[in-house]
Each structure stands twice: as structure tokens, then as C-alpha cells.
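Input: a single structure, listed below in C-alpha cells.
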Amino acid sequence: MKQNRVFIYSGYLIPLVFWSTIILCGLLTGNYNHLTDLVSELGATGTKTQYIFTAGLILSSALSILFVSGIYTTAKRTGLSLVPVLFILAFSFSISGAAIFPLPSALHGILGSSSVLLPLSPLLALILWKERKISKIKIVSGIVLLIMILGFSAFFPDIMGNYPGVKQRFFHIGWTLWFICLSQRFSELDKKTSEKADCQPNESRNTIHP
């Protein structure tokens, strides 16, 4: 169970790796503007940061798979619906596809577009996770969902048309908060279930049988 908790802690590492990657690539690019330029431009074919960007995104994708594995195990053990957890795989698939097929490849947009399914994770958590033990997550899920929806304004050029980078980053801020929240709450749940499981053998040994 402690190993499973390590997987859950990956939710803290994913934002760290992702944001460090785009900040570093932005600094190395020199003329990159985070307010007006899209994230994918940092890994476009032929840029000097292409391989750094690709490595960072693939590492983020790998960590997200471990993260899903960890919270899936805890959710299953505690009787929570698994559906909100499984939609996080949309992030894993999207970010790895965008990394392996950089701009201007057509597959970059096709594979990367699976990220539009990620907001279903906080949305379904809001609907399906009715248990009291997960109530704190439900509060955050509503906030995260609103932030992610702001990120979808990137599909509407007339809204903040001069700042596409800002619009796109709303989405990334949304999943960052969601992953951190899930890591914090599910690590607590995993610890509680582990302690409960550890106590059961002791209780059985102390029981007096006729």
C-alpha cells in the first residue's frame, strides 16, 4: 500500500515537470511570450527546445499513468466510482501524442485533442462521488471545472484574441489544481485504509474464541 501511495504522489510531480519544462524551454527560446504564444510552439519541429519539450511531456505522461494507477487502486478499495479516475487517461494520451508528433504534424492536433475529455474527470467527480469521505474534493472539482472551461476559450478567436497563450494556460492551471487536489486527498484515503488493514490482524489475534 505504501508503494501505491508513491504512485498517488506522482500527481504532485506531473505539474512540476510540465511547468518546469515550458518555463525552461521559454527561457531558452528567448523571444517566446507565454501570454501570446501556444505551449506546443516550444516543441515544434526544428526548434532548439524540441527534444527538451518532448522529453518533459513524455515524462509527464508516464507519471500520469502511475498517478491513475495509484488513485484507481485507492478508489476501488474505498468503493468510489472509478469513472472520474479513468478520464484522467485522456491527459496521458493527449500529452504523449502532442510530444511524439510535434507541430506542424497533423497528428499533433488530432492526438492532442483528446484532452477535451479531461474536464469530464472533475465533472463526474462532482456528480458521482457522493461519499462524505471525499466531500472536500467535490468542492475543488467545481472550481477546477470552471477554470478548465475558461481554457476552452482557446477555440474561440474572438475571445481574448491577442492572448491565446493565456487562454490555453487556463486549461493547464485547471488540471494542475485537480491533480494536486487528488494527490492530497487520495494519499490521505490510502493511508487511512492502510492503517485500518494493519489493525485488523491485531484485532483478530486479540479476539477470544470459545
Worksheet entry | Taking the range 13-79 and dividing mean pair separation by its residue count, relative contact order in percent (alpha carbons under 8 Å, at least six apart) | 38
Worksheet item: Which of the listed residues, PHE170, VAL68, SER194, is farthest toward the dipole's positive end in the chain, when Lys, Arg count +1 and Asp, Glu count -1 at the beta-carbon?
Response: SER194
Worksheet item: Among the listed pairs LYS76/LYS130; LYS2/LYS130; LYS136/LYS167; LYS76/LYS196; LYS2/LYS136, which are separated by more than 21 Å between their Cα atoms?
Response: LYS2/LYS130; LYS136/LYS167; LYS2/LYS136
Discussion item. Using a Förster radius of 35 Å, what is the FRET efficiency between SER105 and ILE159 based on their Cβ-Cβ separation? Nearest 0.05, please.
Written reply: 0.85
Discussion item. Is the C-alpha gyration tensor of the range 56-123 telling us rounded, prolate or oblate? Criteria: a/c under 1.5 is rounded; beyond that, a/b larger than b/c is prolate, otherwise oblate.
Written reply: oblate
Worksheet, complete the sentence: 1/(1 + (r/R0)^6) with r = Cβ-Cβ of THR193 and ALA55, R0 = 35 Å, i.e. FRET efficiency to nearest 0.05, evaluates to 0.50
Item to complete: With the Cα gyration tensor of the range 65-210 in hand, convert its eigenvalues to equivalent ellipsoid semi-axes via √(5λ) and list them largest first in whole Å.
Response: 39, 17, 11
Practice prompt. Apply the membrane-span-like helix rule to the chain: whole DSSP H runs, Cα extent along the own long axis of at least 30 Å, mean Kyte-Doolittle hydropathy at least 0.0. List the helices found.
Written response: 50-78
Worksheet entry | Inter-part distance where the range 168-197 and the range 100-129 are each reduced to a Cα centre, Å | 19
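Computed from the coordinates by the stated procedures, all read-outs in this text should not be read as laboratory data. Treat the numbers as computed from the prediction; the structure is a model and nothing was measured. Note that each Cβ is placed from the backbone with ideal geometry, even for glycine, and that neighbours are counted across all protein chains shown.
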